[in-house]
1. Check segment 101-108 and report whether any residue there is assigned to a helix (DSSP H, G or I), surrounded by 10 or more Cβ atoms within 10 Å (Cβ to Cβ) and at pLDDT below 85.
2. Would it be correct to say that GLY46 is surrounded by 10 or more Cβ atoms within 10 Å (Cβ to Cβ) and at pLDDT 90 or above?
3. Hey, does segment 20-36 have a residue that's touching a helix residue (DSSP H, G or I) at 6+ places or on another chain (Cβ under 9 Å) and part of a strand (DSSP E or B)?
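The values are calculated or read from the model by the stated rules, or taken from the named source; none is laboratory data. Predicted model, so just to flag it, every value in this text is computed and none were measured. Cβ atoms come from the backbone with ideal geometry, glycine included; neighbour counts cover every protein chain shown.
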Amino acid sequence: MAAMALGVGPGVLVLQLLWGLALLLCLALSRAAGRARFAVVLVALGAAILSAALLLFPREDERPVTAPADEIVDTFFIGRCVLLATMSLVVLGCLFLLLMYHLMEPVYAKPLHSS
């Protein structure tokens, strides 16, 4: 087994470092002027591609592990999926309502006083 750091393996730490650096670079590029500002899209896309490559990289052991005789079965799997789908729909609905009632609230101009 690989060495553990902070309770997680080295792969998780590499992904966290990759996305942390990508976030910092995106923040720095968002302050730039001109065409350099659009490089944020390339940085995010590059980080996503690199993350996908790291996730698909072979792990320690390629051989399948044989299941023990006393196999643990999740009998509430469908219920968990339904709960996750319901919670996702509620979050999307709340974000839509936030967009409609808070972020898109009209701001009326104040009348000009001539003296």
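1. Step one: filter segment 101-108 for residues assigned to a helix (DSSP H, G or I), giving 101-103.
After this cut, where a residue has to be surrounded by 10 or more Cβ atoms within 10 Å (Cβ to Cβ) as well, the list is none.
Scanning segment 101-108, I find no residue that is assigned to a helix (DSSP H, G or I), surrounded by 10 or more Cβ atoms within 10 Å (Cβ to Cβ) and at pLDDT below 85, so the answer is no.
2. Numbers: surrounded by 10 or more Cβ atoms within 10 Å (Cβ to Cβ): yes; at pLDDT 90 or above: yes.
Yes: the conditions hold for GLY46.
3. Within segment 20-36, none of the residues are touching a helix residue (DSSP H, G or I) at 6+ places or on another chain (Cβ under 9 Å) and part of a strand (DSSP E or B).
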